[in-house]
Structure formats: structure tokens, C-alpha cells
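Data first, discussion second: the structure below is written as C-alpha cells.
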Amino acid sequence: MLRTHTCGDLNLSHVGGKVTLCGWIQVIRDHGGLLFIDLRDRYGITQVSVLPERSPDAAELVKSLSRESVVQVVGEVVERPKEAVNRNIATGGIEVRADSVKVITRAESILPVEVSDDKKSNEEVRLKYRYIDLRRPSLQSYIEKRHVVTEAIRRSLGELGFLDIQTPVLVRSTPEGARDFVVPSRRYPGKFFALPQSPQLYKQLLMIAGFDRYYQIAPCFRDEDQRADRQLMFSQVDLEMSFCDEEDVYTVVEKVVSDSFKAGLGVELAPPFMRITYKDAMDRFGSDKPDLRFAMEMKDVTDIASGSDFEVFRAAAQSGGRVRALAAPGCHGMTRREVDELTELAKAYKAKGLVALKCLDGGMTGSAAKFLSPEMQSALISAAGANEGDMLFFTADKPIVSAVALGQVRKALGRKLGLIPKNVYKFCWITDYPMFEWNEEENKWDAMHHIFTSPKEEHIEMMEKDPGAVLGRLYDLVLNGNELGSGSIRISDPALQRRVMKVIGMAYEQAEAKFGFLLKAYNYGAPIHGGIALGLDRLLAIMLDLDNLKDVIAFPQSSQGASLVDDCPNFIDPKQWQELHIKPDEVALENMED
């Protein structure tokens, strides 16, 4: 037996016992010849004392070792003197007095990255030496928490009768959203597999096959630009169920999420979660991912503002736009620079500008106030729910631009004013999304989520005549301003599926080429079914209050989409090019030469 205990096991009940520990040397301290080792494994730290008079060979050996060397220690557990007790660690009441120390492996004297949470190295270097970086206590705790939460999810879904079924990871390429990662086929020259962006089609086939409750922790792949909340490869809690409506899906997901929070954080959630329609969310918060941890709701004041002498307001109202207001509590003292920063933020989201007016002495002050009568000022203050000393912000623009731009200002103010509490978890379901959205660049309708979503039954007849008015049986789960998951009740009628495809401009031949296998499956008896995919990495990052998904993934990609630990992607042998019947173009050849 290489060890009898871990480095987090020992306490006063073990005093007098002989133990064998294995671990990494975190630090060596020399107190006038008396040596102390902090020995670490993922369970904790145990102090080891090495007395030259007791173990002269061990003392000489320890002096030759570097931090992060791996050793085996055999010794006796002794109680520490009261003045030496370390109350910051579980083993702080004892130490192990070494009889022998055996080197398992020696570490180089200079480490490429620091193991301490207090001393972080450059991120790219840490990703290159991820196996060392992962020794940091914080990262180890995050990865362990991932395991705990994942186990809770599996247990919860199992209790609800869901089967864990693995779907293929070599699939047909259907590049409708993000770019696919493609895999050339050696056996079928000129043909390619893709890595799945989601198991969507397969889980629908499983419903048709009669597996009425399916789930998997699914690896998904999207070849898109990196962000702090995105990775090229990510994990989804993917589930689908038959003979259900939206409320059935909500009930399942709320239980799974509640069980996850209880297991992972000891936090008791209180389902059912709030339901907010897409229209309501955009009108009140300027986002379909509203952060409900703070109030500050936007108000539509178009009807009032349209009667003002302020041309900006009047023109927006007369052209079919909207005038929206947001009251920032106690912000009348905000500087010009601070207002300008918020204005630039609004402009970054396509707004023409941002009107800022202070609420003082029962009226408004600011450059635009002179265009507003006292009665108009009073009406706007009342409609916006503003109080004395507040700052009122207005956007006047196209409906969606006015909402989104002011919504971003709301989020920025929430952070700036310290209105967002820590360790508070506000969930909501966003429902009744538009089925289609207009693509101005391509002058066509696109599916707002994906083409397999069922429209609301009462809107089916409007699909061809007025696609923009059709609402889908769509829903998103939102947590603290982040989209946690997206789902829908699916189409199970092949004729309806073809109508949806036609609305987005997908010809019959194109639909057959891409999705013919699914359309054919509908003809053999498809149940009503629906589901959702929850982002596991994002869920964990929010639970642990982390800004970056990399911290909850063992081997993440860099911000440039590379796996630095194994220098991937990399070149392949020219023989493999030939086997795959692929020739590199000029750009690839130049890159290979470099």
C-alpha cells in the first residue's frame, strides 16, 4: 500500500499512529536544521516534520528536493504544541514526524507556473502547463464541484425516469448557425463528417423511436470566435421528453436545477421560476436575458413624449419608433464624463444617442429640458417612476434599438451603482419568442432559434401571410442575466415542418438533402415532444461566481481557440493528406512552411 491516508485525513484521533502519506511538496521550511514539509494532495495539506537526529538520511534527502517533487512519507502522528496549531487547515492540530522519506519523482527547481492561488502566472503559460496549474486549490475545488453538480443532475434525471443515451459525435454537417468542425472521411473520399453543435436531430429521432425521456451530458462543438463565456468545445445537459407541453419541461428543469444548487452550494431554490414573455422582457429590461437581481425597470413613454416639442422624441414616435425611459436612483450628481460613457455604450448598440436629464426641484434639468414643458416634465417623471435626485435616461429610436441600447445602460448602471448582490440567484423563463426574425443582410426570414420549433397553434395560419407575427413554442432559462438554456416544443408533423422551411427560404430539394432522414421519420409516427439544452459550463461558472468558463473546464482552449497543453491544432503528416484525398491550398502551405 503506497499510502494509508490522504493529506486531508489526519486529526487528533490519529495521534500515536503510524501512517504513510504520498503527495507533492508545497513548501520546505528550515528552522535551524529542523525541517518542515507542507505535503499536499487534492484532499488537503499535512505538515511533516523531519528531525535530523531521528531521521538523518531523510533530512539530507529533503534538503535536496524542490517544490512540487512527489514523495512518500512514513512516520508517526503527533499533536502540535498549542502555539503551533494551524486553524486554517483541517489537519492543523497534528503533524507527521517522519521516520523515512522516499522520492517518487523530482520536480525541476524552477516551475513554469505558480501553484499558489496568490501568485497567478500569464494565462497562456498556465494553459500550456495546465497539469501544473490544475494543482492550484481553487481550480481543484472547481473541478470537484463540477463532478458534484454533474452527479446531482444525473441522479435527478434518473429519478424522473430519464435514460442516459449517447448520440453520435460524427454527424452530418448542417451549417445553419455557427460553423461546423468538419472531419474528412478516408473511406469516402470527398465526403466529410461534422462534430455536433448539438444532438438536436438525434434526440428527436429517439422520441420517434419511443424513448420518451432521454438525456446526456453532451459534448458540443462550434467553430466560432472565442469569448469569456464561450469555448469551441462545451458541455450541455441535453434532454428531451415525449407527450409533454412547456409546463412539463419547466417542472423537470426546475427540479434538476434545484437539486444541482442544493448539492453544489447548499442553496435551496424556490420553484416555480418566474415566467416573462419575450415582449415583456424587452419592454421592461431591454434584454431577453434580464438580470432580475436588481429592479430599475425601463418604461415606454412614447405616448407622452410624442406630444413634446423635443424633436428627437417626436420624430421617433411619429416614425413608429419608441421612446423609453430609465430612472437611475440618486444619480443627479453623475459627471459629464460618466454620462458620455453611457452614451457611447448606447451608441455601440446602434442607438443615435442617449438623453440624460436630472430630476431636481420637481422638474428636470439638462440640455433637452428646455424643450419640455413643466407639465411634460412632470408627466415623464411620473411615468418613469423617478424620484427627486434621480437621473432619467432616454432612448428614442427603432423599437428594438431603443430597447436593447437602454437595456445595456441599465446593466452598466446596475454594476456601477452596486445594485447587483452577490450569492443571489434569480431565475426566470423567457417565453413566447417570435418564431422568425428578419435578416436585413440577406433580405429573408430566419428561424429565431432553430427550424424544428413548433409555432403556437393559433398562429400557424399566419406563417406565410405574416411570419413576423408568429410566436413559437420557445423558451429560454435565464439566470442572473445569462442564458442558461434554450428549448422548445418541436414540430412532429412533416407537412408543418416543410412549411416552416419554406418560410425561411429553404427549397424542397435543399430540405430533403439536409434533413430528409428526419422528415421521413416523421411519417412513421412521431409523438409530441420537447426539450432543452442547458449549458453545464456556464451553469457552473455562475454558481461559482466566475467570469471565465476556463476555470470549470479541465483542459480549455485559449482565447485564440488553441489547446496549448498539447499544441493543438497542429500539422498532420503529408501521408494523411493523401489518404484523405485532400490538398492544402496556398494559405495552408505558407502556414506549414512558417
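Observations
- All positions within the range 566-590 that are part of a helix (DSSP H, G or I) and either among the aliphatic types (A, V, I, L, M) or over 33 Å from the mean Cα position of the chain (by Cα) (or both): Pro574, Lys575, Gln576, Trp577, Gln578, Glu579, Glu586, Val587, Ala588, Leu589, Glu590
- Residue identified as within 20 Å of His529 (Cβ to Cβ), touching a residue at least 60 places away in the same chain (Cβ under 8 Å) and surrounded by 14 or more Cβ atoms within 10 Å (Cβ to Cβ) among Val171, Val237: Val237
- When the criteria are applied in full, Gln510 meets the requirement of being of a type outside the set (Lys, Arg), surrounded by fewer than 19 Cβ atoms within 10 Å (Cβ to Cβ) and either over 20 Å from Glu246 (Cβ atoms) or not assigned by TED's automatic domain parsing to the domain that holds Asp212 (or both).
- Residue pairs whose Cβ atoms lie under 6 Å apart, separated by 6 or more positions or on different chains, with the first residue in the range 530-559 and assigned to a helix (DSSP H, G or I) and the second of a type in the set (Gly, Ala, Ser) and surrounded by fewer than 20 Cβ atoms within 10 Å (Cβ to Cβ), do not occur.
- Of the strands (runs of 3 or more DSSP E) lying entirely inside the range 21-130, those containing at least 1 residues that are surrounded by fewer than 20 Cβ atoms within 10 Å (Cβ to Cβ) and of a type in the set (A, V, I, L, M) span 34-41, 70-79, 94-105.
- Where a residue in the range 253-274 is closer than 19 Å to Glu159 by Cα and its partner, wherever it lies, is modelled with pLDDT under 95 and of a type outside the set (D, E, K, R), with Cβ under 6 Å and at least six apart: none
- Top-ranked residue in the range 189-202 [being of a type outside the set (Phe, Trp, Tyr) and either more than 21 Å from Gly531 (Cβ to Cβ) or assigned to a strand (DSSP E or B) (or both); ranked as farthest from the chain's Cα centre (by Cα)]: Pro189
- Only one of the numbered conditions (1) surrounded by fewer than 15 Cβ atoms within 10 Å (Cβ to Cβ); (2) modelled with pLDDT under 95 is not met by Glu144, and that is (2).
- Residues of the range 193-228 satisfying the condition of being modelled with pLDDT of 95 or more, surrounded by fewer than 17 Cβ atoms within 10 Å (Cβ to Cβ) and farther than 30 Å from Asp245 by Cβ: none
- Boolean, Ala403 is outside the structural domain of Glu254 (by TED's automatic domain parsing), surrounded by 21 or more Cβ atoms within 10 Å (Cβ to Cβ) and either on the phi > 0 side of the Ramachandran plot or part of a helix (DSSP H, G or I) (or both): yes
- Arg186 falls short on exactly one of the conditions (1) charged (D, E, K, R); (2) surrounded by 15 or more Cβ atoms within 10 Å (Cβ to Cβ); (3) outside any helix (DSSP H, G or I), and that condition is (2).
For (1) at negative phi; (2) surrounded by 13 or more Cβ atoms within 10 Å (Cβ to Cβ), each residue gets a yes or a no:
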| position | (1), (2) |
| --- | --- |
| Asp545 | no, no |
| Leu549 | yes, yes |
| Ser563 | yes, yes |
| Ala588 | yes, yes |
| Met592 | yes, no |
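- Comparison of Gln231, Gln200, Gln166 shows that the only residue that is in the same structural domain as Ile553 (by TED's automatic domain parsing) and within 22 Å of Pro569 (Cβ to Cβ) is Gln231.
- The residues of the range 417-444 that are of a type outside the set (Val, Ile, Thr) and not in a loop (DSSP other than H, G, I, E, B), listed by number, are Phe427, Cys428, Trp429, Pro434, Phe436, Glu437, Trp438, Asn439, Lys444.
Residues checked against (1) under 32 Å from the mean Cα position of the chain (by Cα); (2) over 22 Å from Asp466 (Cβ atoms); (3) modelled with pLDDT under 90:
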| site | (1), (2), (3) |
| --- | --- |
| Ile489 | yes, no, no |
| Ala495 | no, no, no |
| Ala513 | no, yes, yes |
| Ala521 | no, yes, no |
| Pro527 | yes, yes, no |
| Gly530 | yes, yes, no |
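- Top-ranked residue of the range 406-455 - restricted to ones that are small (Gly, Ala, Ser) and over 28 Å from Glu341 (Cα atoms), ranked as modelled with the highest pLDDT: Ser454
The values are calculated or read from the model by the stated rules, or taken from the named source; none is laboratory data. As the structure is a computational prediction, the values presented were derived from the model and not from experiment. Every residue, glycine among them, receives a Cβ derived from its backbone with ideal geometry; neighbour counts consider all protein chains shown.
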